[in-house]
1. From the set of residues in the range 160-173 that are of a type in the set (Gly, Ala, Ser) and either touching a residue at least 24 places away in the same chain (Cβ under 8 Å) or surrounded by fewer than 12 Cβ atoms within 10 Å (Cβ to Cβ) (or both), which is nearest to residue 80 (Cα to Cα)?
2. I'd like the residue in the range 439-450 that is near the ligand (Cβ under 9 Å from one of its atoms) and at positive phi and, out of all such residues, is surrounded by the fewest Cβ atoms within 10 Å (Cβ to Cβ).
3. Can you find a residue that is away from the ligand (no atom under 11 Å from the Cβ) and either crowded, with 19+ Cβ neighbours inside 10 Å or touching a residue at least 12 places away in the same chain (Cβ under 8 Å) (or both) anywhere in the range 427-438?
4. Out of the residues in the range 344-371 that are touching a residue at least 60 places away in the same chain (Cβ under 8 Å) and assigned to a loop (DSSP other than H, G, I, E, B), which is nearest to residue 449 (Cα to Cα)?
5. Considering the range 396-425 alone, what residues qualify as being farther than 17 Å from residue 380 by Cα and touching a Leu at 6+ places or on another chain (Cβ under 6 Å)?
6. If a residue must be buried (at least 17 other Cβ atoms within 10 Å of the Cβ), closer than 30 Å to residue 275 by Cα and among the small types (Gly, Ala, Ser), how many such residues does the range 126-159 contain?
7. Please specify each residue of the range 227-258 satisfying the condition of being free of Cβ contacts under 8 Å to residues at least 40 places away in the same chain and in contact with an Asp or Glu (Cβ under 8 Å, 6 or more places away or on another chain).
8. Considering 70, 33, which residue is at pLDDT 95 or above, on the phi < 0 side of the Ramachandran plot and either of a type in the set (A, V, I, L, M) or part of a helix (DSSP H, G or I) (or both)?
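The values are calculated or read from the model by the stated rules, or taken from the named source; none is laboratory data. From a predicted model like this one, the values you see are computed outputs, not experimental measurements. We place every Cβ from the backbone using ideal geometry, glycine too, and count neighbours over all the protein chains shown.
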Amino acid sequence: MLQARSASLACRAATRCASSTLASRSFATVSNVSPARSHRVVVIGGGAAGLDISHKLLRSGKFSQDDIAVVDPATWHHYQPGWTLVGGGLKTKEELRRPLNGLVNPKFKFYNDSVAGFSPEDNSITLGNGDKVGYEQLVVVPGIAINYGSVKGLSEALADSRSSVSTIYNYDTCDKAYDTIQKLQKGTAIFTQPAGPIKCAGAPQKIMWLALDHWKRAGLYDPSKPSGSAIQISFATGMPVMFGVAKYNAALEQLRKERGVEGLFQHDLIAIDGDKATFALPDGKEAVTKRFDLLHVVPKMGPHAFVKSSALANEAGYVDVDDGTTRHKKYSNVWSAGDASSLPTSKTAAAITSQTPVLVHNLLQTLEGKAAEATYDGYASCPLLTEYGKVLLAEFKYGGVPSETFGDWFGIDQAVPRRSFYYLKKNFFPWVYYNHMVKGTWGGPKGWTN
Ligand code: UQ1
């Protein structure tokens, strides 16, 4: 199914690790009392999608004080696409976060709490504190969870400051990634990517390309003589290819070969023990164990338990919405976008810029009793760092069809890494994100909206 495919399809700039704290609780707390509070729209999640959607709704001018509620237990909102830059020593993690309550418009009712359960049959949710909250329309955008338990020994290795195991997918360890890259003088560096959907499917190799460039500049790695270099580099991925969109995969596979990086395809990391990493192989083949001097890990990811266990989820646990309209397939007043949704595309902030206008338009139409006719074309993008100073800007739609903004404007090929794209990634996107996207005024490749 497409979900599996989307995993390889790219780059999920999931914009909130905060979402992973949205606790899962059992339905036992859901009672049949009528809601203490009710709102016209309840938005579950204050991440990239939740902030963009709630502020777009407010800007429509159709809502007054407390008509819209936002639910999220997080204290901080993180610009997660920037964590690769932290891993490469280009930004600090502190500059990429903001207190979430400062990003939520005071016109909203902000429930700084988790979700215990959904009751779509009676149009309510239950908060972590047991309160019921009713809605006319529900937007479920809590992101996805990182499953650290998917790799035995990972949590212990990440927490150990002396170990050379890190991940850029976590606020606590994204800077550890840069420390380990700087410290390595010789030996084997392994960068992993799991089988299955993850946010920003390009990030596992972005950090590798930055590390390679760092070691090249330090005289520790010579791409033309990889085996004679002090450091050897392997990319161990649970996927069969470097990237899920054929056009960009060809460019990245060529880079991998040119740069002497060993490709260990369909190698799915399952355990870490000291300086040994064990990978599951397909077709019942016996697992292989490799020694490492540096290990960058990307754990498996999946829907939050409170979504997966709810009536809103499809078989895989994602909010079961129509690929075009973003409307729930069974409950017509429920909507979803971003990582938590079943939309069969990449889990990236760029994808959210194209999903939210559709969702908001259709939700507003529905409130007015009109047809939800806007459709999402699957647009997603992955600005893929290939070295310090260069980015390959993958942009595509459903089906892995390239849809290049600058290719269309200037006739250039975005599979060729460019300096201008690097500045978009490093400076422009973080700026436009906090100044416009979280306020609902950034349309991604469509530019600014009001
Ligand atoms: C984008 O809009 C965006 O949002 C701020 C990103 O940040 C994570 C992106 O990485 C990309 C690629 C876009 C898409 C916008 C253009 C102009 C290609």
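1. If we take residues in the range 160-173 being of a type in the set (Gly, Ala, Ser) and either touching a residue at least 24 places away in the same chain (Cβ under 8 Å) or surrounded by fewer than 12 Cβ atoms within 10 Å (Cβ to Cβ) (or both), then 166 is nearest to residue 80 (Cα to Cα).
2. 447
3. no
4. 348
5. Of everything in the range 396-425, just one residue is farther than 17 Å from residue 380 by Cα and touching a Leu at 6+ places or on another chain (Cβ under 6 Å), namely 417.
6. Of the residues in the range 126-159, 4 are buried (at least 17 other Cβ atoms within 10 Å of the Cβ), closer than 30 Å to residue 275 by Cα and among the small types (Gly, Ala, Ser).
7. Answer for the range 227-258, where residues must be free of Cβ contacts under 8 Å to residues at least 40 places away in the same chain and in contact with an Asp or Glu (Cβ under 8 Å, 6 or more places away or on another chain): 228, 229, 242.
8. Only one candidate qualifies: 70.
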